[in-house]
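Have a look at the structure below before the remarks.
The values are calculated or read from the model by the stated rules, or taken from the named source; none is laboratory data. Since the model is a prediction, treat every value here as computed from it, not as a measurement. Please note: Cβ atoms are built from the backbone with ideal geometry, for glycine as well, and neighbour counts cover all protein chains shown.
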Amino acid sequence: MRKAMLLALATLFGAPSAVQAAAVKLTVAVVSLADDPRYAPRRLERAYPGHPQGRAVQGVRLALEDAAFELDAAGIELVLREVVLPDAAALPKALADLKAAKVQHLVADLPLAELNQLVQSAPAALGGAMVFNTGLDDDSLRAQGCAAHLLHTLPSRHMASDALAQYLAARNWRKVLLLQGPAPGDRLMGESFTRAARRYGLKTVQSKPFKLSGDPRERDLANTRLLTGEREHEVVAVMDAEGEFARTLPYATQWPRPVVGANGLVASAWHAQWERNGGPQLSRRFQKLTQRPMQSHDWSAWVAGRAVAAVLVDDPRAPLAQQLKKLRGGSVFIDGFKGPRLSFRAWDGQLRQPVFLSHIDGVVGVAPLDGVLHPKDVLDTLGVDEAESTCRQRP
């Protein structure tokens, strides 16, 4: 229908040759792992804040539908291909199949080890690659593990921590009780939050470990009233990457204090109740397609698909290296339905974007907060700025 309308308009007004010529057919592949622990049935059932609730292919599929008009007008047919790896050992064969199909645009929905394997092997295997990380917030991927062809659409852990710290500082909730879990992911969250607290003038008045355990000798480490019994703090920040302990904390503290971090008030890339900038329309389209609300990881996959479409529409015949320079050089922008135009950072491949401060029912704030300043782009107050970056890989 759209192509017929475009051809009709071409007859009346004279259309660009791209409409009249045969479409350039390209493929974007979504690479995932069959037994990805992030999608274990138990985790999906519990739906902890910040955890993915569905596969990235759903968000990319919606992105290509949303971009269909621009792609048609530019004479591009962009096809979606889903690649589900039975295990990591299957990656070389999958890349060989993608090379045979001339695929170079990859959306990665993978755990950390498998993503690193893909990033290292894809350029040589495919004769060049553009890889989007849509599911991992690890700052290591934006630092020592960065790559010139690796782009990130999910906010990094540091971006989320900075968003929370900006909000707490704006509310003047500066005295923080930090509850720290024992897992490696908990420690990374804690280190990131501590970094952000220093940047925005928050004071950690006390840090206490928590632990969920069947050992009766460790029962007190999961007792929310004991952990929050001292009154000096104004807010409780819980660092729980898994999310099970954090869920028990809001409204269960000894004193009436807000909970932030892994539950309560959380930093998120998207919220289904975002009511501005076309957000309701995007959320409704996703709900219609998938029969579930759009979450942060879904938006991250969607905006990766939109980024591929945007750079192809900008110049359908540009070589891949030039496409990467356009994206990471800030000459191609994406409408992420969050307000400002979005672009990728040249120094680490991270997508600049506002971050929502939200609870289960809605968005209460958007970072960067009013009054936060930056000499070039206020969005760069979230996460690692250029002077701080240790990534040296650029296209």
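Among the listed residues ALA267, ALA237, ALA241, identify the single one that is of a type in the set (A, V, I, L, M, F, W, C), within 30 Å of the chain's Cα centre (by Cα) and in a loop (DSSP other than H, G, I, E, B).
Exactly one residue qualifies, and that residue is ALA241.
For region 367-393, which positions are over 13 Å from ALA346 (Cβ atoms), more than 19 Å from the chain's Cα centre (by Cα) and assigned to a loop (DSSP other than H, G, I, E, B)?
Correct list: LEU369, ASP370, GLY371, VAL372, LEU373, HIS374, PRO375, THR390.
Whether any residue in region 347-361 is buried (at least 19 other Cβ atoms within 10 Å of the Cβ), modelled with pLDDT of 95 or more, farther than 17 Å from SER268 by Cα and touching a Gly at 6+ places or on another chain (Cβ under 9 Å) is what I want to check. Please lay out each step first, then the result.
So in region 347-361, the residues buried (at least 19 other Cβ atoms within 10 Å of the Cβ) come out as 347-359.
Adding the requirement that they be modelled with pLDDT of 95 or more leaves 347-359.
Subset that is farther than 17 Å from SER268 by Cα: 347-349.
Checking the rest, the ones that are also touching a Gly at 6+ places or on another chain (Cβ under 9 Å) come to 348.
The answer is yes, given that some residue of region 347-361 is buried (at least 19 other Cβ atoms within 10 Å of the Cβ), modelled with pLDDT of 95 or more, farther than 17 Å from SER268 by Cα and touching a Gly at 6+ places or on another chain (Cβ under 9 Å).
Kindly indicate which of LEU164, LEU150, LEU154 is touching a residue at least 60 places away in the same chain (Cβ under 8 Å), more than 20 Å from LEU342 (Cα to Cα) and crowded, with 23+ Cβ neighbours inside 10 Å.
It is LEU164.
Of these, GLN273, GLN254, GLN287, which one is polar (S, T, N, Q), at pLDDT 95 or above, outside any strand (DSSP E or B) and under 22 Å from ARG38 (Cβ atoms)?
None of the others qualify; the one that does is GLN287.
Based on what the data block shows, is ARG81 charged (D, E, K, R), at pLDDT 95 or above and assigned by TED's automatic domain parsing to the domain that holds LEU98?
Taking the combined requirement at face value, the residue satisfies it.
Find all pairs meeting these conditions: Cβ atoms under 7 angstrom apart; at least six residues apart or on different chains; first residue within region 311-325 and under 21 Å from ARG394 (Cα atoms); second residue at pLDDT 95 or above and charged (D, E, K, R).
Cβ pairs passing all conditions: VAL311/LYS326; ASP314/LYS326.
Can you report the number of residues in region 368-395 which are in contact (Cβ under 8 Å) with a residue 60 or more places away in the chain and among the hydrophobic types (A, V, I, L, M, F, W, C)?
Summing the residues that are in contact (Cβ under 8 Å) with a residue 60 or more places away in the chain and among the hydrophobic types (A, V, I, L, M, F, W, C) in region 368-395 gives 5.
List the number of the failed condition for ARG61; all other conditions in (1) surrounded by fewer than 16 Cβ atoms within 10 Å (Cβ to Cβ); (2) closer than 16 Å to ARG285 by Cβ hold.
(1)
Can you find a residue in region 296-310 that is surrounded by fewer than 18 Cβ atoms within 10 Å (Cβ to Cβ) and modelled with pLDDT of 95 or more? Can you show your working first?
Of all residues in region 296-310, those surrounded by fewer than 18 Cβ atoms within 10 Å (Cβ to Cβ) come to none.
The answer is no; no qualifying residue exists.
From the list GLY50, GLY54, which one is within 24 Å of the chain's Cα centre (by Cα), assigned to a loop (DSSP other than H, G, I, E, B) and modelled with pLDDT under 95?
After applying the criteria, what remains is GLY50.
Out of curiosity, is VAL131 modelled with pLDDT of 95 or more and closer than 19 Å to ARG392 by Cα?
yes
The rows are residues; the columns are (1) outside the structural domain of PRO316 (by TED's automatic domain parsing); (2) of a type in the set (A, V, I, L, M, F, W, C); (3) not in a loop (DSSP other than H, G, I, E, B).
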| residue | (1), (2), (3) |
| --- | --- |
| ASP72 | no, no, yes |
| ALA89 | no, yes, yes |
| ALA125 | no, yes, yes |
| LEU136 | no, yes, no |
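Could you tell me which residue of region 370-388 is nearest to TYR200 (Cα to Cα), considering only residues that are buried (at least 19 other Cβ atoms within 10 Å of the Cβ) and of a type in the set (A, V, I, L, M, F, W, C)?
Result: LEU382.
Within region 198-209, does at least one residue satisfy the condition of being surrounded by fewer than 17 Cβ atoms within 10 Å (Cβ to Cβ), outside the structural domain of LEU80 (by TED's automatic domain parsing), within 30 Å of ARG394 (Cα to Cα) and not small (Gly, Ala, Ser)?
Yes, region 198-209 has at least one match.
Report yes if ALA88 is under 26 Å from VAL313 (Cα atoms), surrounded by fewer than 19 Cβ atoms within 10 Å (Cβ to Cβ) and over 15 Å from the mean Cα position of the chain (by Cα), otherwise no. Lay out the reasoning, then the answer.
Values: under 26 Å from VAL313 (Cα atoms): no; surrounded by fewer than 19 Cβ atoms within 10 Å (Cβ to Cβ): yes; over 15 Å from the mean Cα position of the chain (by Cα): yes.
The answer is no for ALA88.
For region 276-294, check the following and say yes or no: at least one residue is surrounded by 23 or more Cβ atoms within 10 Å (Cβ to Cβ), at negative phi and among the small types (Gly, Ala, Ser).
no
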